Amino acid sequence: MTELKNKKPVLNRLSLGLKKKPPIKIVQFGEGNFLRAFVEYAIQQLNKSVDFNAGIAVVQPIDRGMVDMLNEQEGLYTLFLKGIQKSKEIQQKELITNIVKGINPYKDFQEYLDLAKEEELQFIISNTTEAGISYIKSDKMYMQPPSSFPAKLTLLLHERFKHFKGASDKGLTIIPCELINHNAETLKEIILKYALLWKLDSTFVNWLNLACSFHSTLVDRIVPGYPKDDIEAYNTQLEYKDNLIVAAEVFLLWVIEGGEDLKRKLPFHKTDLDVKIVDNMQPYRTRKVRILNGAHTSMVPFSLLYGNETVKETVDNVFTGEFVNKAIFEEINDTLPMEKAELDSFAEAVLDRFRNPFIKHKLADIALNSISKFKVRVLPSLLEYEAKNGKLPTNLTFAFACLIRFYKGDWQGEILPINDNEGIINYFKNIWKNKDYNLITNCVLSNKEYWEEDLTKVKNLSSALAFALAEIDSIGIKDGYNNFRKKY
């Protein structure tokens, strides 16, 4: 390391004895905190466990990014993992060493295209945000680079096809990690659109279809990123200067759609990581959305009205913690088509994550767009429970009532942290001008724009919500819930 006066030495490979860089097997679009705490960590475990020997070339997907900082540290940075596993506190750190180079295609487009010529390149991995997988018709083949990620990738794939003269063994395995459902199918569809728009040869399209494979994914790890508020505490644990420290929770889940061929290419089963290569990832996606996201969305209005501020406070409190547990284990899990033991094990891991003392997850931050979130994350569990059991789920129904009450906008003289589009906020403001709880609930439930169906037709739901609202307003959340539980 180069010694700087009165400062810690800076990171470089020579001082660490990292004389030989692994070959580039992976091109990764995105250099942000999530990928560096998730994919790089996972590949590093593969490199350690089975001598996977994979280097990563990181491509900056937009014109502003962190590639220069990454190159200044020769791709090296420290990952701190902190969290709770089976009620035990875990803290560990690891120097990540598998990034070989960072490339900014906005500064050197030819260097970007030259990645296509790497002999040992096998994989494309990306996380360019949900908006990244998009089709922009104005992107042209001659642009250096085009604006969208799929257009950039199309050019890279076409360059590889040309360089290796369409060799079938030079196709790539493409694994997008953007948080949209069917991310690989969507990405491939857009690439084929560009091939058509740019009038690329049909032999290239055939190579794409036959030599390349696209695999949809589900990724799950909370990554707060650079711990700026506590950076000195992190720096004291290092013997070197690191400007790219990244902090993440211990939990990691990566579900990738694929068969035996992908398992041979990515032998994660030989590591301790929870990386699943499965024929169909949808059950896992549903499990995450219903349990983790559903529990979040269910607890927010309920817990804020009770007086909590964070997720950890919610699950640690005896009353609100019991509510969350019952909602998950007795109601949400009851509706999911997976083995009970697997669901319960996942739910326990979720609660460990909620208890993580190193992540201050504010309920007000999760309150964003709560109506649309409730529709996707909670309502399916409520309706499926009612259809299966012939009665309403007590906790999810009470959570629905708390959501309606939350959107009134104030509680015991305080303004509530509603964060939604103006139309929804004004709609609830108007219906809460009524004093009749039955009218209020009917207005909410009959709004097909919110729920895509008339929920007044769900047996007892309207009357149950009206009763819950009356109890909440007259005696508060705790006593109101207890009375509601006796009746429903």
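The values are calculated or read from the model by the stated rules, or taken from the named source; none is laboratory data. Being a predicted model, the structure only gives us computed values, none of them experimental. Ideal geometry is used to build each Cβ from the backbone, glycine not excepted, and the neighbour counts take in all protein chains shown.
Among the residues that make up region 170-186, is at least one of them charged (D, E, K, R) and either outside the structural domain of E120 (by TED's automatic domain parsing) or not in a loop (DSSP other than H, G, I, E, B) (or both)? Yes, that holds for at least one residue. Whether any residue in region 324-340 is in the same structural domain as L469 (by TED's automatic domain parsing), touching a Phe, Trp or Tyr at 6+ places or on another chain (Cβ under 7 Å), under 29 Å from Q282 (Cα atoms) and in contact (Cβ under 8 Å) with a residue 60 or more places away in the chain is what I want to check. Yes, region 324-340 contains a residue that is in the same structural domain as L469 (by TED's automatic domain parsing), touching a Phe, Trp or Tyr at 6+ places or on another chain (Cβ under 7 Å), under 29 Å from Q282 (Cα atoms) and in contact (Cβ under 8 Å) with a residue 60 or more places away in the chain.
A quick yes/no check of all residues on (1) within 18 Å of T128 (Cβ to Cβ); (2) part of a loop (DSSP other than H, G, I, E, B):
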site	(1), (2)
K20	no, yes
L46	no, no
I56	yes, no
D63	yes, yes
T78	no, no
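Listed by first and then second residue, the pairs linking a residue in region 188-210 that is under 14 Å from K137 (Cα atoms) to a residue that is of a type in the set (V, I, T) and surrounded by fewer than 20 Cβ atoms within 10 Å (Cβ to Cβ), with Cβ atoms under 7 Å apart and 6 or more places separating them unless they lie on different chains, are L192/V205; A195/V205.
Just one of D114, D63 is modelled with pLDDT under 95, over 26 Å from L238 (Cα atoms) and not polar (S, T, N, Q); which is it? One residue alone meets the criteria, D63. Among the criteria (1) over 29 Å from R264 (Cβ atoms); (2) of a type outside the set (V, I, T); (3) not in a loop (DSSP other than H, G, I, E, B), the one F38 does not fulfil is (1).
Restricting K82, K48 to residues that are modelled with pLDDT of 95 or more and either of a type in the set (A, V, I, L, M) or surrounded by fewer than 20 Cβ atoms within 10 Å (Cβ to Cβ) (or both) narrows the list to K48. When restricted to residues that are in contact with a strand residue (DSSP E or B) (Cβ under 7 Å, 6 or more places away or on another chain) and of a type in the set (D, E, K, R), region 61-83 contains 1. Considering K433, K459, K408, K429, the condition of being closer than 19 Å to N369 by Cα, of a type in the set (D, E, K, R) and assigned to a loop (DSSP other than H, G, I, E, B) is satisfied by K408 alone.
Annotation for region 301-314: no member residue is part of a helix (DSSP H, G or I), without any contact (Cβ under 8 Å) to a residue 40 or more places away in the chain, surrounded by 16 or more Cβ atoms within 10 Å (Cβ to Cβ) and hydroxyl-bearing (S, T, Y).
Is it the case that K152 is in the same structural domain as W254 (by TED's automatic domain parsing), charged (D, E, K, R), in contact with a helix residue (DSSP H, G or I) (Cβ under 8 Å, 6 or more places away or on another chain) and crowded, with 16+ Cβ neighbours inside 10 Å? Considered against the rule, which asks whether it is in the same structural domain as W254 (by TED's automatic domain parsing), charged (D, E, K, R), in contact with a helix residue (DSSP H, G or I) (Cβ under 8 Å, 6 or more places away or on another chain) and crowded, with 16+ Cβ neighbours inside 10 Å, K152 comes out as yes. Considering each residue of region 315-366, count those that are of a type in the set (A, V, I, L, M, F, W, C) and surrounded by fewer than 17 Cβ atoms within 10 Å (Cβ to Cβ), and give that number. Final tally of qualifying residues: 5. Screening region 120-164 for residues that are among the hydroxyl-bearing types (S, T, Y) and within 15 Å of Y194 (Cβ to Cβ) and picking the one that is farthest from the chain's Cα centre (by Cα) gives Y142.
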